[in-house]
Amino acid sequence: MNFRYSFAGKRYETIQTRAAYVLLAPTIIVLIALFIIPVIQVIKLSFTSLNSTTGASRFIGFKNYTYLFASPRFWQSVLNTTLFTIVKLTSEVLIALIIAVMLDSHVPFRKYLRVSFFAPVVVPVVASSIIWIWFFDPTLGPFNQILGVFGLPQSKWIYGKSTALMSIALFSIWRGIGYDIIVFLSGLQGISDSYIEAAHVDGATNLQIFFKIKLPLMRPVLAFVIMMGFIGSFQSFTEVDIMTPDGGPGGSTLLIVNYIYQQAFGNSKMGRGTAASILLFLIIFSMTYLQRKISDRREIRDA
Amino acid sequence: MHKNKSKLKRYNIPIFIILMLLSICMIFPFVWMFLSAFKTPADVYTYPPKWLPSSFKFDNFAKVFQLIPFGKFYFNTIVTSVTQTFLQIVLSITAAYVFAKLEFPGKKKMYMFVQSAMFIPAVVTVIPLYLMASKVRLVDTYAGIILPQILGVFTTILLISFFQSIPDDLLSASKIDGCGYYRILWNVVIPNSTTAINAAILFAFLSHWKSYMWPLIITNSTHKRTLPVGLKYLVTESSSEYQVMMAAAFMSIIPILIVYIICEKSFTRSLTMTGLKG
Amino acid sequence: MKKVVLILSILLLAGSSLIFASGNKESGTESEKPVTIEVWYSLSGKSGEAFKQRLYEFTADPAYADIKVVSSFSGNYGDTGTKVAAALMSGTEPHVIIGGNVAYTGGRGNFYAGEMVSSDPLFQKDDVFEGLWDYAVYENKICNIPYGISTPLMYYNKQIIEKAGLDLSTPPKTWDEFLVVAEKAQLNGNINNADEFWGFVVKDVPWLFKTQLSQNGNNVFEYVDDNYTVEAVFDDASAAEVAQWWADMAAAKVMPIGEHNNAENVFLAGNAAFFVGSSTKIADWSETMGDMLAAIPMPYFTYPSVALGGNTISIFPKKDQKQNDAAWTFVRYITSTEPNAKFALESGYMPIRKSAIELDIIQQAFQNMPMYKTGFEQLAHGWSYINTDNYIALDGAIRRTIEKMENGTADAQQAVIDAVKEFNIEAAD
């Protein structure tokens, strides 16, 4: 970072500053065009009644917001998204961690195993959703058949009000877990052997080593995966749009982004859609801010 | 990274069995897809479900080509995602170089500014971006698909942390040799961080390749659709006939899977880097 | 790094060779300078194939060599609506949409198709069944042209009905009679020994509900003044009676509660006796169901009536009159007697023209496919409600009402009052 001192006595070198601005300009221009202007527009639009069918638009103050706050469907989508995120994130991270630890042990065919866990990640979500629609078919799908063979009760999957959201979460875990596994695995492999050997010498069991040494060292990786997973699942859209485009039985799979899409593009209520997207932004922003605060404090405490 | 610590140890068979079972669960959907792509309507709409097709005919594949211009979807996806990746990486490299290695007034503020874009959910900007695109007549064009998706804050941040690890001495040396700041980027920084750039390219390409919402909104006509969007329409177009959908899913999944298996190492490295350095 | 770049470039090359191959084909057929028109259609399955066949015939006809049609499938009605709304905002709408809602034409003051229908004698407006125009008007003015018009049919699985020992030669007339028959079918007709077997399933709940409302004398919407202000009226006693029927069906456990999205596959697998759906299923399911598929006339409450379904043609005039003429020529062609009759037969939609009935192919179809005849006869009491901009909000409100009724958590009268309330909130600015 001390590059500057090696050149001139001045704090900033003119040529260097100019080069920096020139190189940064494209990014800044793109940033303004793709983020700043749209964000300003979103705020403006959220106070209008812009209807994409009729093209009519007028200023209506906070009416879109009061509509959303009073709308059971909007709150349902917030609740669904929260539930979806909690279930997906906790089970995905836990299972991924366990699988990563197992992969870190001495097993044959490790490359094959890694490939098989990661394969769903590289596949377009639309394509894998299409496969899973069939899986979830209570009548024609293999899931219920398999359950039946083992004498287990059958499920309605995405067609039942109580099971639909969890079915989508199950799919979502399947398609995303490979990423977590690979990241955790590299985190585990990055831990220096000397720590572990020293612990072994001290007579620690594998379990103790995992909880006392590996897990604390993995904390930054975990924090990163959880944060990215949180932002990602709060913005989930594709799987619901393909598997239950109408929001599932009784709106049970309607996620916030799907709600926004339905309002803005399906229902032509652009104003309501933008207002809802601003609320989504506030939720995501405050949650990530909170998480940062918590992990920062931890680091300070630990240090 | 690689450890040979356990060469002497015996394989851990119980864990291996658990992992194998789990991995079968992971690839089962692909196996089902493969088998089902050959099923006839009669095979599909029977109760209880049949697992094996009654014959291995390619009727469903033919049907897909009859329903949708599959090759065109592939072409569109490749053109848009490769272009997006290229532009995104160029922007990321230049910005990352500036933030990692150059000093200038307002650097901190600029960095905060760039970073803040990461926290804006894509769906927030989708509606105004659509309105803007329609004003400049970019709806249903390649440019319309490509341009709004070229900013990668994530890849920028990833590259910053790598560029920072390039020793300053190396840069100063070239400076003394008479290189300008642009030449330093080209001659020193980029050749010294191919692994990281490679990782960023794969990461960017993968997300563009899978991109769904924006192409869905911005494309209208069949011949501009990307693969994911085309597949979405196929669900209704084939009136949800599972066997046809499987044939289409098969054709869109297998190539990327093959690419993945060939470049498995690069993929893993790429993802690992994003995880550890992001 | 090298490997990745190599593979990306191979992908790019492969893609471009594909496009060049297909691009050459296109430029080869271009002889003179034809007028190009863009057409979106929301016809899927067999209907999509039937439409593409007409398109092919139109293109092959030397009389229309100067018109080039570029067509795109635009998804189901919902997807199409989404696309059209967005396209209208950006001025990228096509010339013709098949499956367009009148809200996107009449709702925006575009009555071009209506004007053409009346002014072009070649179209022969009087030949179209009068009742169908109700489906294509906005504020009582024609703005679209009926094309793929369907009626909902009460399908049944012959094998199940036979196993249950039922005779449908005198079909149940009212919904109450139907409930009894469906219960019997459920009791004795489980051909697969499935764990879950139903007397009746339906996917498009709002369509059936609206049909039933019309059978009970409720028009869903009414104009309340001369400015065509629309008011939702499905909150009276006649609507409550319909809502109560759903509660009764659910209470009798004849029908799965709150699960309608997979109704088609349940029926196709032989795990339900009756199914309500569009007449287009006649074509779509001809391979999957074969001879097992049959239909009875729709049961009713007070008098027979069915809500018309399907799609209309919208025309969006452009500045270039040549393009408009080409679009109109194309629309006139596909709506003329023979192409339309062929399309109808292949898709399961109803022919729109009286003159089609005299065609041999239609007469043969009536003889060979009793289901098709049943569907066609229902056209005589076809009904449409007033089209508004908020048809999605209407269907949503109906779905939630029916769900409440099925769960037995609501009083019918209160449920329909709430439905209208919800609709009004959703439809407001």
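Read-outs throughout are calculated quantities, based only on the coordinates presented, and are distinct from any laboratory measurement. Because the structure is a prediction, the values reported are computed rather than measured. Here Cβ is always computed from backbone atoms with ideal geometry, including for glycine, and neighbour counts include all displayed protein chains.
Between the alpha-carbon centres of region C:56-95 and region C:199-257 there is a gap of 34 Å. Counting Cβ atoms of other protein chains within 10 Å of each Cβ in C:87-100 and taking the mean gives 4. Converting phi to 3J(HN,Hα) with the Karplus coefficients 6.51, -1.76 and 1.60 and the offset θ = phi - 60°, region A:273-287 yields x, 5, 4, 5, 5, 5, 4, 4, 4, 4, 4, 4, 4, 5, 5 Hz in sequence order, with x at every glycine or proline. With a simple spin-label model that places each label point 7 Å from the Cα along the Cα-to-Cβ direction, the separation between residue C:159 and residue B:258 comes to 4.0 nm. For the protein assembly as shown, the extents of the C-alpha atoms along the principal axes are 94, 67, 56 Å, listed from largest to smallest.
For chain B, a Gaussian network of Cα nodes joined below 10 Å ranks B:236, B:141, B:156 by mean-square fluctuation, and the top entry is B:236.
Taking every alpha-carbon pair in region A:63-215 and binning the separations at 10 Å intervals from zero gives 9, 26, 28, 20, 12, 4, 0 percent. Note on A:106-114: average number of Cβ atoms from other chains within 10 Å of each residue's Cβ is 6.
Mean residue ellipticity at 222 nm, helices only, chain C: -14500 deg cm²/dmol; runs of at least 4 DSSP H residues each add -39,500 (n - 2.57), and the sum is divided by the number of residues. The antiparallel fraction among DSSP beta bridges confined to the protein assembly as shown stands at about 60%.
In this rough spin-label picture, where each label sits 7 Å from Cα along the Cβ direction, the residue A:110-residue B:116 distance is 4.5 nm.
Here the Gaussian network model covers chain A, with springs between Cα atoms less than 10 Å apart; of A:78, A:39, A:225, A:39 fluctuates the most. Considering the convex hull of the alpha carbon atoms of chain A, report its projected area averaged over all viewing directions, in nm², one decimal. Approximately 24.6 nm², given one-decimal rounding. Cα-based values for chain C, radius of gyration first and Dmax second, are 23.5, 75 Å.
The fewest-to-most ranking of C:395, C:236 by surrounding Cβ atoms within 10 Å reads C:236, C:395. I want to verify a result. In a Gaussian network model of chain A, Cα cutoff 10 Å, which of these has the top mean-square fluctuation: A:88, A:111, A:269? Among A:88, A:111, A:269, the largest GNM mean-square fluctuation belongs to A:111. Counting Cα-Cα pairs of region A:103-189 in 5 Å increments starting at 0 gives whole-percent bin shares of 3, 13, 18, 19, 15, 14, 12, 6, 1.
As a rough footprinting exposure proxy, the listed residues B:263, B:179, B:25, C:143 were ranked by other beta carbons within 10 Å of their own, and the order from fewest upward is B:25, B:179, B:263, C:143. For the residues of B:115-121, the average number of beta carbons from a partner chain within 10 Å of their own beta carbon is 6.
The alpha-carbon atoms of region A:162-232 define a convex hull whose volume equals 103 cubic angstrom per residue. Shown here is the pair-distance distribution of region B:68-237: with all Cα-Cα distances grouped in 10 Å bins from zero up to the longest one, the shares run 10, 32, 29, 18, 9, 2, 0 percent.
Label zone (residue B:62, point 7 Å along Cα-to-C-beta; backbone nitrogen cut-off 15 Å) within region B:220-260: B:244. Calculate the FRET efficiency for residue C:140 and residue C:177 from the Cβ-Cβ distance with a Förster distance of 35 Å, rounded to the nearest 0.05. The computed FRET efficiency comes out at 0.45.
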